[in-house]
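Accompanying notes for the structure given below.
The values are calculated or read from the model by the stated rules, or taken from the named source; none is laboratory data. Worth saying up front: this structure is predicted, and the values here are computed from it rather than measured. Cβ: placed from backbone, ideal geometry, glycine included. Neighbour counts: every protein chain shown.
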Amino acid sequence: MRLIFEGRPIEFTAGDTVLAALLRAGVHPAGGGCLCCGGDCPHCLATVDGVSYVRTCQVAAKPGMVVASHPEDGDPPLPAGNVFNAEVSARHVHCDVVIIGLGESGRAEAEQATQAGKRVVTLEATAGQEAIGIYEGPLVVARTQEGMLNVHAHEVVVATGAAEIQPVAEGNTLKGILTARAASKLAAAGIDLGRVVAVGTPPQGVKAEIADGQLIRFEGSERVEAVVVRDKDGNEKRFAGEAVSVGLGLHPRDTLLRMGNGLAVRAVGEAARESDIPPCPASGMVCSCSRVTVDDLQTIWERGFHELELVKRATLAGTGACQGSVCLPYIRSFLADRGQVLQAPFTARPVTRQLTMAEAAAGVHHRPVPRTALDAEHRRLGARMDRIGGWWRPWNYGNTLEEYWAVREGVSIMDVSTLGKMLVSGPGALELLERLYPTKVSTIGIGRSRYVLILDERGYVFDDGLICRDAESRYYLTFTSGGSSFAEMWVRDWAGSTLPQSWGLAPDSNNRGLDVRILYQTLSLGAINVTGPLSPELLSRAGLANPPNYMQHALATVAGVECRVLRLSFTGEQSYELHHPAEQSASLWRRLLELGAELGIKPHGIETLLKLRLEKSHVIVGQDTDFDTTARRIDMEWAVKLDKDDGSAGSPQGFVGRQAVLRTNKTPLDKQLVGLEMEAPAPIEGAVIWHGADYAGYVTSSTFSPALGKVVMLGWVKLFNGELPDEVTIEGRPARRVSIPFYDKEGHRARA
Amino acid sequence: MPALNRLPATRIVATPSALDAAIWPPDRLVFRLAADEVLVTPPAPEVSLNDPHALIVSDSGFAGLWLPMKEALAFLEHECEWELPHGRPAFAQGMVAGIAAKLWFEADRVLIIVPAPFAADFEERML
């Protein structure tokens, strides 16, 4: 059997690890460094079958396996192929106790927990179940041969044993240096180690010359040729050999324990032991992962980095492939020597092993993007779909200009199912809405609707929509598509909050909120906007001869579908939003297209809507507004009734944001969202607005208006000496500030 | 390919005490989505509640799929991070495959419910 190393075949025998196969062929996969054969050190890392940072001592050799060394300097290159298609599955299991490591102490823990009737999961690295991290929960994530395993446990027991302390001394990057356990394992595998010299605890089952004394240095060129120790009399002694075995003590494999700080994680057996602390090294490579030498530690010490955590950050020692398994005892020893205090090991963080991208992404999904009930209809009509406002929506149906003129001169429909929708009822409904909205909700008559801004506690606009009054104590609310989820939380939070008594608490509420019922219907209801001067004709053909008047709403049957019909206008033309059960969206949509065929009906997408609404200078919250947008700055103070609680009906707190508005209104206006015009082409949205040589603001919305034959824009403009500039420059071209709306200034078409 | 179909239902929001006291039609599945909210499927629009302000609406905003228990558990083992209820029948809610889902466990099958706008994404994630 053969594997391929650096392009040449290498024989191996059954039972060989990749490392054993390479060593048998006289190859050190990393070019040098003490090998541990326990998965603890970074000195046998290589790229195996395209996956880098593989511990070759832990992987069984297979015929045809392709192995390559990592570059001497720098990281291995990313794989050339599309490895991201290599999906790795993730699995979740739940238990009382997860035991990591099935050595003697781990087995004992497992047996004890099982006898106690607990649900036990065990993970053993040598069986291919490698725990790579502990997270909140606690959750133990393990890499297994079947994929990633997520173990949700009430308790984690770390029984991972202890690792051998590696040698840090001059020459420790040579080939031929082994820990005592590694020497034993490799000899047992039948690998000829040559003449072995043992420093410290000798390897079991290996004939070795004992070099009695403190390790001073290794000598050799590429491969170790001798080791020098200092005997008890202080004399250096040189021992020649072809391999050096070092047994310098043990330190706990407690990375996972240190990762689970504050969680139900404990260590048992050797993993719970105190670390042996080796003598402070005088020279040599301390951290071969980050290439940190003893000289580097000294430099950092002299610069004032005396805390272990800071040394780690300054040098990156302990952040590499082995996560401190080699360097940690030596850095502690170094700092204890210099500072006379033995510092606790540094914090460990997931992950303890390098993962492939597929392993890291196992079980992870992209954020889902909802689709309206009309999604298939749009795609059938050839719409270009895009993710807008958190939904898949039609950007256009192929010809934006045709869509535009259908709205302006004929009739068009648009899927507006994404709008936020909510029913609120109950004795406290009016009180709640009065406190949430800056409008006088009590003056909205039954069957009437009102456009409203929604302010946060700072008085900034964070959403807008409609309030439709259904009955004395029942309201239907709409919100923007992108803001509806937050708006739902907003309304529920305020409704459920402990409130002042003046907020109209129910007698039995125990001050736990207002007596209201809230039903979020955004995902349940479809909505189609019928718009254009011929929209009444289309509705008449659909059976609705007398639709509600402007800013009114009614329940009605349209094309056989029970709808809530809202008369409003965002496009600047007569518009009727038909809110209806989502399962009937497709039949309503198709029927409207059939009935409107003679009227030249065309559906329109977002691209057209943005043009239409900009001609009317309707603000889109989030596009035209910023995080500090007040009603005053967008010239919509008419929507904020600061006097609505003036004495008679409300609490001193008024509506949310009122106090902030009162306070900020005392400061001079500094900038405003204004209308701008210029000749084509339209500048990009976000383009800087200049007043002479001064920065004046930026364009928030920009389009060429087919109806007006020029570019219309909204943009933020600063006041200069208390005045808004009339003439500005955008993209090097002149632009004028004009009154808004740009189209149908009197609103005759919208209100027709 | 698995297909989630819209779930015809009645959705009710009322005071918790009114919902606690309600008598539900025996041939319906009644899921308590929240202290003040119930989903009844198939629809039960004539439910009598001791709450004059209750909101009772027909609803098709959810989509559902019945799966045999073994198949469901195999799927949930990969896509559900939280521990499933052990009793039967049982109702549970939480993220499944990254999507807010509701699970109804019967003796030998499971009804998986997600908001209908997310059904397409959920179906893809079931593959």
Quick test for you: out of A:M414, A:M489, A:M422, pick the one residue that is within 14 Å of chain B (Cβ to nearest Cβ) and touching a helix residue (DSSP H, G or I) at 6+ places or on another chain (Cβ under 9 Å).
A:M422
Sort out which residues of the stretch A:6-41 are touching a Pro at 6+ places or on another chain (Cβ under 8 Å) and at negative phi, and write them in order of number.
A:V18, A:L19, A:L22, A:A30, A:C34
Residues within the stretch A:584-600 that are among the small types (G, A, S), surrounded by fewer than 24 Cβ atoms within 10 Å (Cβ to Cβ) and either assigned to a strand (DSSP E or B) or within 14 Å of another protein chain (Cβ to nearest Cβ) (or both), tallied
2
Would you mention how many residues in the stretch B:104-127 are within 14 Å of chain A (Cβ to nearest Cβ) and aliphatic (A, V, I, L, M)?
7
If B:D51 meets every condition in (1) over 21 Å from A:Q521 (Cα atoms); (2) within 9 Å of chain A (Cβ to nearest Cβ); (3) buried (at least 20 other Cβ atoms within 10 Å of the Cβ) apart from one, which number is that one?
(1)
Among residues of the stretch B:20-37 being under 14 Å from B:D51 (Cα atoms) and away from chain A (no Cβ under 11 Å), the residue farthest from the chain's Cα centre (by Cα) is B:A21
Given (1) touching a His at 6+ places or on another chain (Cβ under 8 Å); (2) assigned by TED's automatic domain parsing to the domain that holds B:A116, identify the lone condition not met by B:A14.
(2)
Can A:P71 be described as at pLDDT 95 or above and in a loop (DSSP other than H, G, I, E, B)?
no
Just to verify a result, which residue in the stretch A:332-374, among those that are within 14 Å of chain B (Cβ to nearest Cβ) and among the aliphatic types (A, V, I, L, M), is surrounded by the most Cβ atoms within 10 Å (Cβ to Cβ)?
A:L374
Out of the stretch A:1-15, which residues are touching a helix residue (DSSP H, G or I) at 6+ places or on another chain (Cβ under 7 Å) and either within 19 Å of A:P42 (Cβ to Cβ) or among the acidic types (D, E) (or both)?
A:F5
Selected residue [more than 30 Å from A:D192 (Cα to Cα) and within 31 Å of the chain's Cα centre (by Cα)] from A:V51, A:V97, A:V120:
A:V97
Where in the stretch A:99-155 are the strands (runs of 3 or more DSSP E), entirely inside, with at least 2 residues that are within 14 Å of chain B (Cβ to nearest Cβ) and either of a type outside the set (A, V, I, L, M, F, W, C) or under 23 Å from A:A361 (Cα atoms) (or both)?
A:139-144
Residue that is nearest to the other protein chains (Cβ to nearest Cβ) [pool: residues in the stretch A:156-167 that are closer than 30 Å to A:G284 by Cβ and touching a Pro at 6+ places or on another chain (Cβ under 6 Å)]
A:A162
Has the stretch A:121-128 got any residue that is among the charged types (D, E, K, R), more than 19 Å from A:A21 (Cβ to Cβ) and surrounded by fewer than 14 Cβ atoms within 10 Å (Cβ to Cβ)?
no
May I ask you to list pairs of residues, at least six apart or on different chains, whose Cβ atoms are under 7 Å apart, with the first in the stretch B:26-55 being in the same structural domain as B:V13 (by TED's automatic domain parsing) and within 21 Å of B:R6 (Cβ to Cβ) and the second being modelled with pLDDT of 95 or more and surrounded by fewer than 13 Cβ atoms within 10 Å (Cβ to Cβ)?
B:R28/B:P42
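For the stretch A:173-206, which positions are on the phi > 0 side of the Ramachandran plot and in a loop (DSSP other than H, G, I, E, B)? Outline the logic, then answer.
Kept after step one, since they are on the phi > 0 side of the Ramachandran plot, are these residues of the stretch A:173-206: A:176, A:190, A:194, A:200, A:205.
Scanning the stretch A:173-206 gives A:G176, A:G190, A:G194, A:G205.
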Within the stretch A:551-583, tally of residues that are surrounded by fewer than 20 Cβ atoms within 10 Å (Cβ to Cβ) and not in a strand (DSSP E or B):
3
Condition test on A:R450, is it touching a Leu at 6+ places or on another chain (Cβ under 9 Å), surrounded by fewer than 23 Cβ atoms within 10 Å (Cβ to Cβ), within 14 Å of another protein chain (Cβ to nearest Cβ) and among the basic types (K, R)?
no
Identify, by number, the condition in (1) within 26 Å of A:R517 (Cβ to Cβ); (2) among the aliphatic types (A, V, I, L, M); (3) within 11 Å of another protein chain (Cβ to nearest Cβ) that B:V40 doesn't meet.
(3)
Only one of B:E81, B:E123 is acidic (D, E), touching a residue at least 40 places away in the same chain (Cβ under 8 Å) and either over 19 Å from A:D375 (Cβ atoms) or surrounded by fewer than 19 Cβ atoms within 10 Å (Cβ to Cβ) (or both), namely B:E123
Residue identified as farther than 17 Å from A:G410 by Cα and without any contact (Cβ under 8 Å) to a residue 60 or more places away in the chain among A:E583, A:E637:
A:E637
Enumeration of residues in the stretch A:565-596 that are within 22 Å of A:Y476 (Cβ to Cβ), over 38 Å from the mean Cα position of the chain (by Cα) and of a type in the set (D, E, K, R):
A:R567
Among the residues in the stretch A:618-636, are any of a type outside the set (K, R), farther than 27 Å from A:F704 by Cβ and surrounded by fewer than 15 Cβ atoms within 10 Å (Cβ to Cβ)?
yes
Mind telling me which of the residues A:F12, A:F5 ends up being hydrophobic (A, V, I, L, M, F, W, C), touching a residue at least 60 places away in the same chain (Cβ under 8 Å) and over 25 Å from A:C327 (Cα atoms)?
A:F5
With criteria (1) buried (at least 17 other Cβ atoms within 10 Å of the Cβ); (2) at pLDDT below 95; (3) farther than 25 Å from A:G320 by Cβ, A:N85 comes up short on (1)
Name the single residue that is farthest from A:L139 (Cα to Cα) among those in the stretch A:257-281 being at pLDDT 95 or above and of a type in the set (G, A, S).
A:S275
